[in-house]
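Notes follow once the structure below has been shown.
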Amino acid sequence: MEYITFPWKQLGTALRRLSLSGSAGNAAAWVLFFIIGAAPLAAAAILYLRRRSCRADWLLPVLSVMLYAALWFYVNPSYMNVYLSPLPLGDFSGYLLGTVLYSLLLTWLLLRCIRSFEKTGYRRLLFGLQLLLYAYILILAMESLWQGVSAFTAPFQELSEKNSAAGSLQLNVTAFFLILQAITRLLPKAAELILLAMGAGFLRSFRRAAFSADTGARLERLRITSGRLLVLLLVSNVGISLLQLAFSGLLLSSSYIITFPLAEIIVVLGIRILSLLYLESKRLKEDNDMFI
């Protein structure tokens, strides 16, 4: 959770060290403190003078006040448990401050994005959606990588600690099934990444030439792949359950899960409906092009 406090905690620590370096350093720390905290207000003033402000910019003064408060607490961390919690929570209060700061900042950015999307053409809207998809793919990939490392390491560590006296055959078979279970748990994220990447490719092609052969082929591949991935998720879950049951006499640890991938089913149905709407729109365009 350290990333939640970055860079606010580091700024507070730097300001504290500068303040303790002497009278000149203390004066410089106060000047920097007021400049950093006033940054959202300066952004609001610039947007207003350029006539690009909107209602979402009312969050900027709130963000400025919150930034001043958070920086003060990060400069004086001993006061966090005094004013922010009746119980000594250690670094948790710092995480709360970072969470609120990022919530305000992201809310302001998203509200401005929504406003800009309302006043733009569909090509620019598709480009913005494409960028958001790429950003989400990056975040999801990093999250999946982190979860994948934990899914592989934690069960093996627990197996070796609790079953040190077990036979080598049981340990090897159990370790093999732990690998299968970890892969099965990561399959939904992997399937989502694949579909998102293919969806971003479809949007890129659609933005360039909406009814080209390449765009239609991309949507068709997306439709087919989504159905196959859904089948893979269902079959992999029931398959590993059957294998565990067959080798249950050798397993030191097992996990049986009943899977009903409602979200994945909705995604597949949405893609199917999208493909049907696209094909119908393409047919109507071709019919209109035939008229002289």
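In the stretch 35-54, which residue that is open to solvent by 40 Å² or more (accessible area, probe 1.4 Å) and touching a residue at least 24 places away in the same chain (Cβ under 8 Å) is nearest to Trp108 (Cα to Cα)? Top of the filtered list is Ala39.
Leu129: within 25 Å of the chain's Cα centre (by Cα), within 29 Å of Pro188 (Cβ to Cβ) and at pLDDT 70 or above, yes or no? Yes; evaluated as a whole, the condition is true for this residue.
Of the residues examined, Phe6 is one that is surrounded by fewer than 13 Cβ atoms within 10 Å (Cβ to Cβ), in contact (Cβ under 8 Å) with a residue 40 or more places away in the chain and over 22 Å from Arg112 (Cβ atoms). Here Ala246, Ala263 are screened, and the one residue that is modelled with pLDDT of 75 or more, of a type in the set (Gly, Ala, Ser) and farther than 17 Å from Ala182 by Cα is Ala246.
The values are calculated or read from the model by the stated rules, or taken from the named source; none is laboratory data. In this text the structure is predicted, and so the values were computed from the model without any measurement. Positions of Cβ are generated from backbone atoms using ideal geometry, with glycine treated the same way; all protein chains shown enter the neighbour counts. Accessible surface areas use protein heavy atoms only, side chains included; no ligands, DNA or RNA. Shrake-Rupley method; radii C 1.70, N 1.55, O 1.52, S 1.80 Å.
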